[in-house]
Amino acid sequence: MATVKDFRNDIRPNWCPGCGDFSVQASIQRALASMGKEPHEVAIISGIGCSGRISGYVNSYGFHGVHGRALPTAQGVKLANRDLTVIAAGGDGDGFGIGLNHFMHAVRRNIDITYITMDNQIYGLTKGQHSPTSAHGFKAKTTPAGNIENALVPTQIALAAGIGFLAQGFSSDVNQLVSLIEQGINYKGFALINVFSPCVTYNKINTYDFFRENVKNLDKVEGYDPTDRANAMKTIIETNGFCTGLIYRDDSRVPYQNQIPGYREEPIVKLDLNLDESVFEAALKEFA
Amino acid sequence: MLEQLSWKVGGQQGEGVESTGETFAVALNRQGYYVYSFRHFSSRIKGGHSNDKVRVSLKQYRASADHTDVLLAFDQESIDLNVGEVKPGGIVIADEKFNPTAPDHVRLFVVPITKIAEECGSAIMKNMVSLGASACVLGLPVDIFSEVIEERFSRKGQKIVDQNMEAARRGFEYMKELGGADPAFALKPADGKRRLFMMGNDALGLGALAAGARIMPAYPITPASDVMEYLIRKFPQVGGVVVQTEDEIAAMTMAIGAAYGGARALTCTSGPGLSLMMEAIGLSGMTETPVVIIDTQRGGPSTGLPTKQEQSDYLAALFGTHGEIPKIVLTPATPEECFTVMGRAFNYAEKYQCPVIVMTDLQLSLSKQTTEMLSLDDVKIDRGNLMTEEAIGAEDPKAEFKRYQLTEDGISPRVLPGTKGGLHHVTGVEHAENGRPNETAPNRAAMMNKRLRKLAGVELPGSVEKTGDDNADIAIIGVGSNIGAIAEAMEKLRADGLKVAHIQLHALLPFPTQSLTAAISDAKKVLVVENNATGQVRHLMSYFGVEHSDVSGLNKYDGRPFLPSEIYKHVKGMF
Ligand SMILES: Cc1ncc(C[n+]2csc(CCOP(=O)(O)OP(=O)(O)O)c2C)c(N)n1
Ligand code: SF4
């Protein structure tokens with residue numbers, strides 16, 4: 001059986017020392033190992049950004065695509081091979097800026113993949129522009145006088161769009177993050193784990209300390225019921241999105257793959273591609 | 001008796017013009033006639049003039065006729081807009097309901113179409129009344145429609161079938177009494193052979209199915225949507241899936257994901273969608289992920305002429321996406337070829353591990369036409385250099401697979417995620433043999449050369465098709481649906497004593513410089529016929545080094561397909 005070590009490769013991440021993304025990388029590795037996955041059974045599909053590099057830092061199959069499109073790419077992979085564990089990953093700009101459209105539709109479509117976003121409220125790779133999750137008033141290279149746009153709250157959007165598994169983590173709490181990732185992967189449908197993953201180089205506001213002080217850990221809220229959607233939304237609004245833990249979960253929904261007419265248990269990659277002569281003959285009849 | 005005839009039905013969009021044309025065409029196709037239909041429509045659902053022009057002949061023509069012999073009009077506007085192309089002495093059949101008038105050069109037959117239909121049961125059956133009247137003119141028995149009527153209405157019960165048949169019969173009888181059964185318009189009997197009747201889009205869908213395509217993410221757009229709608233109906237039988245995505249960027253990247261995952265995946269769009277796919281087409285080229293994109297061209301730019309004919313995406317398809325990648329662009333001309341091209345497209349995509357763009361145009365995609373019987377034997381599935389676990393036989397399971405191995409022909413072994421021993425990374429960033437990002441100068445050069453080497457010097461078989469004369473006075477070059485109008489113009493020009501060659505291009509990338517140069521080398525003049533304003537194919541010829549001293553272009557970009565006479569007249573003017 002594979003261990004955490006098997007999910008490590010010898011590539012040194014080009015992240016800055018202290019970047020929150022290191023913890024996300026480690027959490028993914030730990031979660032996969034503890035779930036008994038083998039490296040070849042996993043495909044990580046990532047976007048572009050500092051965070052997008054993560055697919056190259058886990059020893060598994062990995063696809064590093066174009067900016068903002070990790071989700072449609074990952075959904076395509078899962079449709080082709082439903083036996084694979086498919087994880088999509090990227091930054092807040094990647095997922096909630098350029099890729100927001102895909103995010104809403106991935107939620108709606110509910111294909112069984114796990115989406116891990118590294119939310120640092122900034123554009124890291126392009127060196128410090130504000131992001132869709134930057135707060136109002138936030139100063140960045142593109143907002144020297146302070147951000148005059150409002151921050152988008154990913155969890156609120158996800159819940160509003162009808163997500164079935166919603167969690168939020170923090171790079172400083174790896175144990176919680178590992179658990180959330182495992183739950184997300186086990187969930188039969190689309191799962192979002194948004195991670196507060198500080199950018200130590202360009203974001204001097206949303207630091208580790210900032211999150212320690214401002215985030216409410218729902219694991220510690222007695223009686224918090226993650227199956228109560230209205231309460232989940234209330235909690236998000238009350239904390240302005242700054243809460244961690246399992247926020248919402250609905251096990252009653254049927255994932256997309258289980259509803260596709262004629263879709264087989266056997267993954268598409270294993271099907272015989274040759275068309276049956278009788279199917280072809282019947283198809284020709286429609287044009288005769 | 002006639003060997004060919006052109007019939008047209010016109011009316012308001014949504015009042016049965018399409019179903020009338022369709023019933024007429026299918027019935028005649030089943031008699032063994034060659035049928036070619038072209039629908040003129042606009043991008044609104046109800047209202048606005050639309051018409052369906054159907055050519056019926058004993059031999060195959062793949063273009064609408066210049067003239068109309070018989071015009072069936074559901075309203076005065078249809079007469080006013082179309083009577084100009086009705087031949088002198090031609091027939092106009094019109095509904096008594098709107099007190100039709102027509103100019104003197106035609107013979108107007110006023111038939112109480114709606115009234116008869118109502119007497120038979122309902123005004124909707126006016127299409128049957130008019131079909132009956134049309135059969136009478138063509139000297140065909142009215143029961144050529146009975147099979148189609150049976151198929152179309154049997155779900156609704158025998159009564160409806162009988163009423164429709166009765167409507168057709170009464171239309172026939174009424175026309176006969178008016179003296180409409182004119183032997184001058186009667187068609188010679190056909191060979192009775194059963195052939196197919198389909199549009200290019202149908203054949204693309206069926207071709208994709210036969211080629212083993214099993215995942216199609218796509219976003220609806222005219223004139224491409226039929227392909228996804230077709231596969232939505234067919235895929236459940238083979239375990240495939242069509243996803244209607246949120247946009248074309250998602251469609252393209254999902255297709256790439258599916259192809260990376262190991263499925264044969266395609267998407268289908270038209271110009272606006274092709275523009276949105278460009279970045280991801282580059283990703284496919286850079287990551288060497290095999291995908292097939294169908295572009296059914298329509299009038300551009302922007303929303304342009306969304307329901308009209310044009311061939312103006314060639315340069316975008318060939319040169320679009322930033323950076324440089326190997327790419328294949330195929331240009332089928334007929335439904336038969338739309339069917340077979342899909343098998344080749346997937347084989348090329350997997351062999352060369354690059355994007356393949358199959359380009360049709362609105363006329364080819366939507367014109368329903370007689371199609372020779374298709375055979376599965378014409379589709380062979382070849383997945384290229386795809387490695388299985390056994391073939392890899394990795395001793396060290398942690399050893400990385402060289403997905404981008406530098407090889408002589410540039411083609412590297414491919415392995416699908418899920419395969420033991422095949423672990424590797426894929427990225428759109430420049431990468432080394434193991435797929436890891438690597439931006440060093442020597443690696444960059446080696447990898448760019450490797451990718452481009454895959455298609456360097458390649459000419460795909462059948463890229464250039466030549467018919468007609470050697471040492472021609474003129475070689476006429478066409479792409480896509482122009483094949484029909486050119487072939488017909490050539491026939492007339494040769495009858496006039498001119499030596500003519502017709503060169504049809506079935507692939508534009510890799511550009512078949514050698515074969516095309518050879519094909520036109522003995523011709524005195526070269527004419528490139530294309531539905532665009534700037535002469536894109538003509539420019540491609542000079543860009544790719546096709547040399548000839550006398551090349552000119554005939555361009556049409558008013559949204560209408562070429563008529564054979566337009567090409568004929570133009571060539572006549574050149575001599
Ligand atoms: C189409 C396109 N536009 C812009 C870019 C440039 N770009 C790369 S990453 C990025 C934003 C990165 O921010 P985020 O997604 O939050 O990731 P982070 O670097 O913070 O992890 C941008 C704008 C690009 N690669 N592609
Ligand atoms: S710039 Fe910020 S996000 Fe990027 S690696 Fe450095 S710390 Fe991490």
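The values are calculated or read from the model by the stated rules, or taken from the named source; none is laboratory data. Note that the coordinates shown come from a computational prediction; the quantities given were computed from them, not determined experimentally. As a convention, Cβ positions derive from the backbone with ideal geometry for all residues, glycine included, and neighbour counts pool all protein chains shown. Calculation scope for accessible area: heavy atoms of the full protein, side chains included, ligands and nucleic acids excluded. Shrake-Rupley method; radii C 1.70, N 1.55, O 1.52, S 1.80 Å.
Restricting attention to region B:50-94, the residues being in contact with a Phe, Trp or Tyr (Cβ under 8 Å, 6 or more places away or on another chain), part of a strand (DSSP E or B) and charged (D, E, K, R) number 4. State whether one or more residues within region B:157-171 are assigned to a loop (DSSP other than H, G, I, E, B) and open to solvent by 20 Å² or more (accessible area, probe 1.4 Å). Yes, there is a match, as at least one residue in region B:157-171 is assigned to a loop (DSSP other than H, G, I, E, B) and open to solvent by 20 Å² or more (accessible area, probe 1.4 Å). Among the residues of region B:321-343, none qualifies, meaning not one is among the basic types (Lys, Arg) and either within 14 Å of chain A (Cβ to nearest Cβ) or more than 30 Å from B:Asn555 (Cβ to Cβ) (or both). Considering region A:180-224 alone, what residues qualify as being open to solvent by 30 Å² or more (accessible area, probe 1.4 Å), touching a Pro at 6+ places or on another chain (Cβ under 8 Å) and away from ligand 2 (no atom under 16 Å from the Cβ)? Hit for region A:180-224 is A:Lys188, nothing else. Only one of the listed residues (B:Leu386, B:Leu374) is closer than 27 Å to B:Ala345 by Cβ and at the interface with chain A (Cβ under 10 Å from one of its Cβ atoms). That residue is B:Leu374.
Can A:Phe103 be described as within 24 Å of A:His130 (Cα to Cα) and more than 9 Å from ligand 1 (Cβ to nearest atom)? Considered against the rule, which asks whether it is within 24 Å of A:His130 (Cα to Cα) and more than 9 Å from ligand 1 (Cβ to nearest atom), A:Phe103 comes out as yes.
Taking A:Val86 as the residue in question, decide whether it is more than 7 Å from chain B (Cβ to nearest Cβ), part of a strand (DSSP E or B) and either open to solvent by less than 10 Å² (accessible area, probe 1.4 Å) or more than 16 Å from ligand 2 (Cβ to nearest atom) (or both). So A:Val86 fits the description; yes.
Within region B:375-405, the set of residues being open to solvent by less than 80 Å² (accessible area, probe 1.4 Å), in a loop (DSSP other than H, G, I, E, B) and modelled with pLDDT of 95 or more comprises B:Ser375, B:Val379, B:Ile381, B:Arg383, B:Gly384, B:Asn385, B:Arg403, B:Tyr404, B:Gln405. Among the candidates A:Val66, A:Val107, A:Val58, the residue that is at the interface with chain B (Cβ under 10 Å from one of its Cβ atoms), open to solvent by less than 10 Å² (accessible area, probe 1.4 Å), modelled with pLDDT of 95 or more and not in a strand (DSSP E or B) is uniquely A:Val58. Checked against (1) in a helix (DSSP H, G or I); (2) within 14 Å of chain B (Cβ to nearest Cβ), A:Tyr263 passes all but condition (1).
The set of residues in region A:110-132 that are within 11 Å of ligand 2 (Cβ to nearest atom) and crowded, with 24+ Cβ neighbours inside 10 Å comprises A:Met118, A:Asp119, A:Asn120, A:Gln121, A:Ile122, A:Tyr123, A:Gly124, A:Ser131. Just one residue in the set A:Ala80, A:Ala140, A:Ala135, A:Ala160 is aliphatic (A, V, I, L, M), touching a residue at least 60 places away in the same chain (Cβ under 8 Å), open to solvent by 10 Å² or more (accessible area, probe 1.4 Å) and in contact with a strand residue (DSSP E or B) (Cβ under 8 Å, 6 or more places away or on another chain); that residue is A:Ala140. Highlighted here would be strands (runs of 3 or more DSSP E) found entirely within region B:481-575 that include at least 1 residues which are open to solvent by 60 Å² or more (accessible area, probe 1.4 Å) and on the phi > 0 side of the Ramachandran plot, but there are none.
Quick check on my filter: what residues within region B:255-284 are hydroxyl-bearing (Ser, Thr, Tyr) and open to solvent by 10 Å² or more (accessible area, probe 1.4 Å)? Across region B:255-284, the qualifying residues are B:Tyr260, B:Ser275.
Scanning region B:187-210 for residues that are part of a loop (DSSP other than H, G, I, E, B), more than 9 Å from every other protein chain (Cβ to nearest Cβ) and surrounded by 20 or more Cβ atoms within 10 Å (Cβ to Cβ) yields a single hit, B:Met199.
Considering region B:211-256 alone, what residues qualify as being small (Gly, Ala, Ser), assigned to a helix (DSSP H, G or I) and more than 9 Å from chain A (Cβ to nearest Cβ)?
Residue satisfying the conditions is B:Ser225 alone.
Report yes if some residue within region B:422-430 is within 10 Å of chain A (Cβ to nearest Cβ) and of a type in the set (Ser, Thr, Tyr); otherwise report no. Yes: one or more hits. Screening region A:126-165 for residues that are within 15 Å of ligand 1 (Cβ to nearest atom) and assigned to a strand (DSSP E or B) and picking the one that is farthest from the other protein chains (Cβ to nearest Cβ) gives A:Thr143.
Of all residues in region A:240-260, those satisfying the criterion of being away from every other protein chain (no Cβ under 14 Å) and out of contact with any Ser or Thr (no Cβ under 7 Å at 6 or more places or on another chain) are A:Asn240, A:Phe242, A:Thr244, A:Gly245, A:Leu246, A:Tyr248, A:Asp251, A:Ser252, A:Arg253, A:Val254. Of the residues making up region A:1-35, those that are hydrophobic (A, V, I, L, M, F, W, C), within 16 Å of ligand 2 (Cβ to nearest atom) and within 14 Å of chain B (Cβ to nearest Cβ) are A:Ile11, A:Trp15.
Filtered by the rule that a residue be buried (at least 24 other Cβ atoms within 10 Å of the Cβ), hydroxyl-bearing (Ser, Thr, Tyr) and more than 13 Å from ligand 1 (Cβ to nearest atom), region A:15-55 gives a lone residue, A:Ser27.
In region B:294-326, the residue that is farthest from B:Arg264 (Cα to Cα) out of those that are open to solvent by less than 10 Å² (accessible area, probe 1.4 Å) and over 14 Å from the mean Cα position of the chain (by Cα) is B:Gly299. Applying the condition of being more than 20 Å from B:Gln4 (Cα to Cα) and without any contact (Cβ under 8 Å) to a residue 40 or more places away in the chain to region B:129-156 and asking which residue is most open to solvent (accessible area, probe 1.4 Å) yields B:Arg155.
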